[in-house]
Protein chains: 2
Amino acid sequence: MAKVIKLKNTDNSFEDCINDLLNICKNDLISINATILEKIESDIPLIKKISSHIVNSGGKRLRPLLTSCAYQMCKKPNDENNRHIGLGAAVEFIHAATLLHDDVIDASKKRRGKLSANEIWGNKMSVLIGDFLFSRSFQLMSKDGSKEILQLLSNTSVQISEGEVLELNNDKDLTINENIYFDVIKNKTASLFSASCQVGGMVTEATNEKIEALKTYGLNFGMCFQLIDDAIDYSSSSYNLGKNIGDDFKEGKITLPIILAYLRSNSEEKNFWKKTIQDLNQDENDFEKALDIIKKYDCIYDTIKRSKHFANIAIDSLGAFKNNIFKDLLIKLINSSISRLR
Amino acid sequence: MAKVIKLKNTDNSFEDCINDLLNICKNDLISINATILEKIESDIPLIKKISSHIVNSGGKRLRPLLTSCAYQMCKKPNDENNRHIGLGAAVEFIHAATLLHDDVIDASKKRRGKLSANEIWGNKMSVLIGDFLFSRSFQLMSKDGSKEILQLLSNTSVQISEGEVLELNNDKDLTINENIYFDVIKNKTASLFSASCQVGGMVTEATNEKIEALKTYGLNFGMCFQLIDDAIDYSSSSYNLGKNIGDDFKEGKITLPIILAYLRSNSEEKNFWKKTIQDLNQDENDFEKALDIIKKYDCIYDTIKRSKHFANIAIDSLGAFKNNIFKDLLIKLINSSISRLR
């Protein structure tokens, strides 16, 4: 395996930063990828085929990368335990399972520019393969055997499904406020970022201070990351990240740009949001009109401002570690994740 | 809680037998039910509502009952550990999660005579609440903390999803033979029966001989149970078990009565099966016609014969235990499960 992960767009600084991280964690990521490939094996060829489609769909392996990085920052010089490898694969499997189920929930036809699994093999198969990958992740954790880590990751799984239910329950509801939205993204996204960081430290028996720092870093990076992701969907100038701009609008998904725009809108504009988001009654030019209102009230600017709030907390939390190359890159990762939006 | 579980039909001997088991395991089942109710709590009211709908849908708590029974048979006189309570709730949660996802896969409108969760709250919510319950089951197991038990139950979860994928993949395929069908029901049903029995013994540190006996009992009971379940769907004289007779036929589901009937059919009859099952092109009288062919070739009689094969293995496996009330009832449970079909 000459290159662990192929990234298309090399002039994107977030991707540069990920590449730098992949380089310094290269051996870990090679082992994690080998574990992932080994664990999608099944006597039933279709399981391997669909699992392979989702785990090789061009994802950045961001969560196992956080696990690896946290491990490398915390490990003692002679520590050669490889528990972070299986656990890195486990967090990636949890992530892959949620992607399969998410695409069913959102009726997504594409994922990272390719046809989604539900589009190729149908919703039913996607639900079942999600269950398979989720079970595999618990197999990997059980093999590790740490009660503390199993509790953390099973709590995280509960949190993820709670976040997803909350999000679906709020579907097209314009009365959702910023705090409810923060609850959703904390549960569905940030909790797994946080756990991915924590487990990397936990296997080294790092101090509680360091593990808490990793927890805070992951949680706040996750919040920042999801905020920017949601803002990108309303940014006409953003790079093509395999995500179709305007998808959230088309689905009537309630994210921060919409929440802020609705709260700041006059009554005529409020009616526009009710028609397009609540009733999902959209004309050809409505997305352009939505972008105009979002721009008028600085909603993208303020979404970025919120994301910087979380970014600052994440960066400060790393003060618990001495300066090192991993720490530098984790800080760069945060800053460059915001610069995805430009 | 005066009565743990309400059973409608008291003159059915399988249900009598379950009631007898519920009586001698009464305290365990009360505690397991309390744990189930405690663990469907969530900050999100809808999660509790849908979870409650599925866990209180009139199921017999057969799997936790097996866990309790196995525990009671194996425990030493002074053993007062209550680990089987949390684990009994965990196996019921795995079962409930698969029911929610199954009903989405099969587009079932009813479960045990009541509207199914997907019919009330939609497929998306059912997928997510299934994920929630599945995560909860791993939370309960993590709390128990036994690596061996976690490995068993995560392996079982992988097996269940493999069985479900295999079944969906074989959908409407008349070339499926008996062995492939056995693989499906072993994975999707019998594996959890087997694991439910095993964990009851494992928490008592019973001898390997006894744990192997429980494993064999559960696996073969599960095979026997699923075979009878599949036969009931083609039995016009069977009691109303909240299951609509003929559902499997309508869905084109490949179960043993159909597999045997197709293999034994003449070419005209084979064309009938191709039209009705493969092409799902069914007229008003086709179910009656299907029953006639199934009767002509003794397919229900032979499905029962196969189930008795597994029943005998299950009953013999209990030879590893001295005679006791639990063993007597576990044997009666097997025999009466076959007499559901009459």
**Message:** Take the residues in the stretch B:29-43 that are under 26 Å from residue B:123 (Cβ atoms) and surrounded by fewer than 18 Cβ atoms within 10 Å (Cβ to Cβ); name whichever of them is nearest to the other protein chains (Cβ to nearest Cβ).
**Reply:** B:43
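Would you mind stating whether residue B:183 is in contact with a helix residue (DSSP H, G or I) (Cβ under 9 Å, 6 or more places away or on another chain), within 12 Å of chain A (Cβ to nearest Cβ) and either over 28 Å from residue B:317 (Cα atoms) or small (Gly, Ala, Ser) (or both)? Break it down stepwise before answering.
Working: in contact with a helix residue (DSSP H, G or I) (Cβ under 9 Å, 6 or more places away or on another chain): yes; within 12 Å of chain A (Cβ to nearest Cβ): yes; either over 28 Å from residue B:317 (Cα atoms) or small (Gly, Ala, Ser) (or both): no.
No; evaluated as a whole, the condition is false for this residue.
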**Request:** Can you work out which of the residues in the stretch B:105-135 that are closer than 17 Å to residue B:49 by Cβ and among the basic types (Lys, Arg) is farthest from the other protein chains (Cβ to nearest Cβ)?
**Result:** B:114
**Message:** Let me spell it out: the conditions are (1) more than 9 Å from chain B (Cβ to nearest Cβ); (2) without any contact (Cβ under 8 Å) to a residue 60 or more places away in the chain; (3) assigned to a helix (DSSP H, G or I), and residue A:175 meets all of them except one. Which number is the exception?
**Reply:** (3)
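Please go through the stretch A:26-41 and pick out each residue that is assigned to a helix (DSSP H, G or I) and of a type in the set (Val, Ile, Thr). Write out each step before concluding.
Of the stretch A:26-41, the ones assigned to a helix (DSSP H, G or I) are A:26-39.
Selection gives A:30, A:32, A:35, A:36.
Just checking, how many residues over the stretch B:266-314 are polar (S, T, N, Q), farther than 30 Å from residue B:331 by Cβ and surrounded by fewer than 20 Cβ atoms within 10 Å (Cβ to Cβ)?
First, pick out the residues of the stretch B:266-314 that are polar (S, T, N, Q): B:266-267, B:271, B:276, B:278, B:281-282, B:285, B:303, B:307, B:312.
Of the ones still in play, those that are also farther than 30 Å from residue B:331 by Cβ are B:266-267, B:271, B:276, B:278, B:281-282, B:285.
Those still in the list that are surrounded by fewer than 20 Cβ atoms within 10 Å (Cβ to Cβ) too: B:266-267, B:271, B:278, B:281-282, B:285.
Number of matching residues: 7.
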**Fill in**
Expected output for the stretch B:261-275 (first residue closer than 17 Å to residue B:298 by Cβ and modelled with pLDDT of 95 or more, partner among the hydroxyl-bearing types (Ser, Thr, Tyr) and not in a helix (DSSP H, G or I), Cβ below 6 Å, 6+ apart or cross-chain) is B:261/B:297; B:264/B:297
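Mind listing just one residue for me: the one in the stretch B:44-57 that is in contact (Cβ under 8 Å) with a residue 12 or more places away in the chain and of a type outside the set (Val, Ile, Thr) and, of those, farthest from the other protein chains (Cβ to nearest Cβ)?
Going through the stretch B:44-57, the residues in contact (Cβ under 8 Å) with a residue 12 or more places away in the chain turn out to be B:46-47, B:50-55, B:57.
Now restrict to residues that are of a type outside the set (Val, Ile, Thr): B:46, B:51-53, B:57.
Working: B:46: 6, B:51: 10, B:52: 14, B:53: 14, B:57: 19 Å.
It comes out as B:57.
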**Asked** Can you name the residue in the stretch A:136-154 that is surrounded by fewer than 18 Cβ atoms within 10 Å (Cβ to Cβ) and touching a residue at least 24 places away in the same chain (Cβ under 8 Å) and, of all such residues, is nearest to residue B:160 (Cα to Cα)?
**Response** A:143
**Asked** Which one of the conditions (1) at the interface with chain A (Cβ under 9 Å from one of its Cβ atoms); (2) under 25 Å from residue A:123 (Cβ atoms) does residue B:153 fail to meet, given that it meets all the rest?
**Response** (2)
**Fill in**
With criteria (1) of a type outside the set (Gly, Ala, Ser); (2) under 17 Å from the mean Cα position of the chain (by Cα); (3) modelled with pLDDT under 95, residue B:109 comes up short on (2)
**Message:** Anything in the stretch B:117-156 that is β-branched (Val, Ile, Thr) and either in contact with a Ser or Thr (Cβ under 8 Å, 6 or more places away or on another chain) or within 18 Å of residue A:98 (Cα to Cα) (or both)? List them, or say none.
**Reply:** B:127, B:129, B:156
**Complete:** Of the residues in the stretch A:69-115, those that are within 22 Å of residue A:151 (Cα to Cα) and in contact with a Gly (Cβ under 6 Å, 6 or more places away or on another chain) come to A:70, A:71, A:74, A:84, A:97
**Prompt:** Does the stretch B:195-202 contain any residue that is within 7 Å of chain A (Cβ to nearest Cβ), at pLDDT 95 or above and closer than 26 Å to residue A:153 by Cα?
**Reply:** no
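The values are calculated or read from the model by the stated rules, or taken from the named source; none is laboratory data. Predicted, not measured: the structure shown is a model, and the values here were computed from it. Cβ coordinates were reconstructed from backbone atoms using ideal geometry, including for glycine residues, and neighbour counts include every protein chain displayed.
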